[in-house]
Amino acid sequence: MFAWILGCLFGVLTIAAVGVAYWLNQDSGSRVFWMIAVAVIGAMPTVAWGPSAYYVSYYNERLITCTVSDKDNLKYIYTKDCGTLANLADSWRGKRDTTAVWSAIEKGKAYRFRVVGANVPNGAIWRNLPNVLSVEVT
């Protein structure tokens, strides 16, 4: 969701900045052409980032089995096998309370996690981790 919002914001800012620059420097006949061109160019990041944001945040629901090595601040779960997982509320999937997942896990034990989303690497603009929807002891 964050990627889609960022894409929309980038598109709006592109439209505003380039559109105003051309608007001020063109006669009235070419203003309409440039505003349409800038609107199309500004919408491209939104169109391109929309599907990827959906995949990263809401697609790819799966079950994984991992051994918990640590947990941090009610938000992150560190595992030996699966990397870092997020423990975030997700009203889209019906998870409103993160403490149920948090209290169910202990360090050193193996669990089956139902997660959604993908792990975006640290080099990206933002970092998105698979979000834990539910947990059960294996």
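Tabulated data
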item	result
Net charge of Cβ neighbours under 10 Å - reference Ile64; Lys, Arg +1; Asp, Glu -1	+2
Nearest-0.05 FRET efficiency for Val40 and Ala118, computed from C-beta distance (R0 22 Å)	0.15
Estimated distance in nm for a label pair at Val20 and Asn60, the labels positioned 7 Å out from Cα along Cα-to-Cβ	3.8 nm
Formal net charge of residues neighbouring Ser103 (Cβ-Cβ distance under 12 Å; K, R +1; D, E -1)	-1
Amide H contacts under 5 Å for Ser69, placed H, 5+ residues apart	Tyr78, Thr79, Lys80, Gly108
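No lab work stands behind these numbers, since they all come straight from the coordinates. Source: prediction; values computed, not measured. Quick reminder, even Gly has a Cβ in these numbers, built from the backbone with ideal geometry, and neighbours come from all protein chains shown.
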